[in-house]
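Beneath this line is the structure, given in structure tokens, with notes to follow.
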Amino acid sequence: MSPSPGPSSRVTALETYDIRFPTSRELDGSDAMNPDPDYSAAYVVLRTDAGDGHEGHGFTFTIGRGNDVQVAAIDALRNHVLGRPVDEICDDPGSLHRDLIGDSQLRWLGPEKGVMHMAIGAVTNAVWDLAARRAGKPLWQLLADAEPEWIVRQIDFRYLTDALTPEEALAILRRGREGAEERRARLLERGFPAYTTSAGWLGYDDEKLTRLAAQAVADGFRQIKLKVGADLADDMRRCRVARQVVGPDIRMAVDANQRWDVDEAIRWTKALTEFDPYWIEEPTSPDDILGHAAIRRAVAPVKVATGEHVQNRIVFKQLLQAGALDIVQIDAARVAGVNENLAILLLAAKFGVPVCPHAGGVGLCELVQHLSMFDYLAVSGTTEDRVIEYVDHLHDHFLDPVVIREGHYAAPTAPGFSAAMRPESVAEYTYPGGAFWAADPETQKGQAA
Ligand SMILES: [Mg+2]
């Protein structure tokens, strides 16, 4: 055990890094809306003078240009964090979270949406990483072990109480404790179900799609996902190829990444129904609550899924109130961190809608697995119809990478939020001065221009 930090220890540094990976060169991650992403992280490290060796790591995910803007937004939060007592923010991460959300001048840039909100998410998640490391527990376990009353105090219920009150949240969490020990044993033994998007990127040809879809089934996945939305004839061919490869029993989701207007989404999804898609993901703008509701009514029994670009708990609330979605896709780094995702998990439980997180990108799998495992142990109590997205990109850059066994996420055992990147990866891929980018003629030409 590391020595426990003195009561007066404080946060001494908030360091930020602009980290970009050149993923666009392989068309990894390509979809109808994002044809050439360079998967990136606006990365933050909190250091303290506790002398226990623990740091807090967090980040938000972007896809290249603008990652510097995201880093600047995190930098703008520095003064809220420096000098804060470590005990205070780790015993009650909600205390710092509320101060970040409540900054009356920065709030103008949202409120509670966009670059500033994601920055708050990165810092909030770094605090949770630090808290879990100091507690000697993986984050999922810290959350599952916590008293329901404490969890409820971590949540900002402002704008939620017409759909979910603190008392209702408490009741859900108290009920969630029943059978938790049994579920914990099952989680440690089996893990949490995953599905894979690795086969279905839009830029892959049919040969690669065929090979990777077959591989997914052989690896034990019970669901795959295909990107759609650029060209209907192409989509029909790719869905036919994939369905032939995986057979009728494997679920096949399709993802349009916001490509369509509402009527177009309905037409296009109906045209794909002969291939039995399980859900249509992000059919239209993530802000269009009534549009999602209309699509859902029209395309049933195909399910409607969204959430990776849903900007905050208030939009999730309305999507649920409007009956606009069948699947809630939380993202660990889009909203304002763990605290806001706790609210969204409880909203989904209240409305009886399964949570199937968005992941992939840089480190999103590493983070969000903790939230789903908490959901299973302490909120929804089930993995039925629940799957976490898995993409086999960039895990090697993390110190505690996800482990997938037979189509399941193995429960992480290392303390923390699995958020820390390898120092050598940070050094190599820091933009534009890291070794990789410094050796890239295009990048250096752009910098000189
Ligand atoms: Mg998606």
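What follows draws every value from the coordinates through simple rules; no lab data is involved. Computed from a prediction, not measured in an experiment: that's the story for all the values here. Please note: Cβ atoms are built from the backbone with ideal geometry, for glycine as well, and neighbour counts cover all protein chains shown.
Points to keep in mind about this one:
- The lysines within cross-link reach of residue 113, meaning a Cα-to-Cα straight distance under 24 Å and a gap of 8 or more places when in the same chain, are 317, 350.
- Most tightly packed first, judged by the mean number of other beta-carbon atoms within 10 Å of their residues, the peptides 219-230, 334-345 read 334-345, 219-230.
- Using C-alpha pairs below 8 Å separated by at least 6 residues, the relative contact order for region 8-57 is 42 percent.
- Dipole in debye (nearest 20) - region 20-131, about Cα centre, beta carbon charges: Lys, Arg +1; Asp, Glu -1: 400
- Among 288, 103, 49, residue whose mean-square fluctuation peaks in a GNM of the chain (springs only between Cα atoms under 10 Å): 103
- Working from Cα pairs under 8 Å separated by at least six residues, relative contact order for region 174-421 is 21 percent.
- Against the compact-protein benchmark of 2.2 N^0.38 Å, the Cα-based radius of gyration of the chain scales to 0.94.
- Within region 16-75: Cβ-based charge dipole about Cα centre, in debye rounded to nearest 20 (Lys, Arg +1; Asp, Glu -1): 80
- Every helix of 4 or more DSSP H residues in the chain counts as -39500 (n - 2.57), and over all residues that averages to -12000 deg cm²/dmol at 222 nm.
- Taking every C-alpha pair closer than 8 Å and separated by at least 6 residues, the mean separation divided by the residue count of the chain gives a relative contact order of 18 percent.
- Projecting the Cα positions of 117, 57, 164 onto the charge dipole of the chain (unit charges on Cβ atoms of Lys, Arg, Asp and Glu, taken about the Cα centre) puts 164 furthest along the positive direction.
- With K and R counted +1 and D and E -1, the other residues having a Cβ less than 14 Å from that of residue 400 yield a net charge of -1.
- Taking a straight Cα-Cα cut-off under 18 Å and skipping sequence neighbours fewer than 8 places away in the same chain, the lysines within cross-link reach of residue 208 are 225, 227.
- This model, with +1 at the C-beta of Lys and Arg and -1 at the C-beta of Asp and Glu, gives the chain a dipole about its Cα centre of some 620 debye.
- Peptides 174-182, 210-218 ordered by average Cβ neighbours within 10 Å, highest first: 210-218, 174-182
- Summed residue charge, Cβ within 10 Å of residue 239's Cβ, Lys/Arg positive, Asp/Glu negative: 0
- Peptides 62-75, 317-330, 152-165 ranked from most to least packed, by the mean per-residue count of other Cβ atoms within 10 Å: 317-330, 62-75, 152-165.
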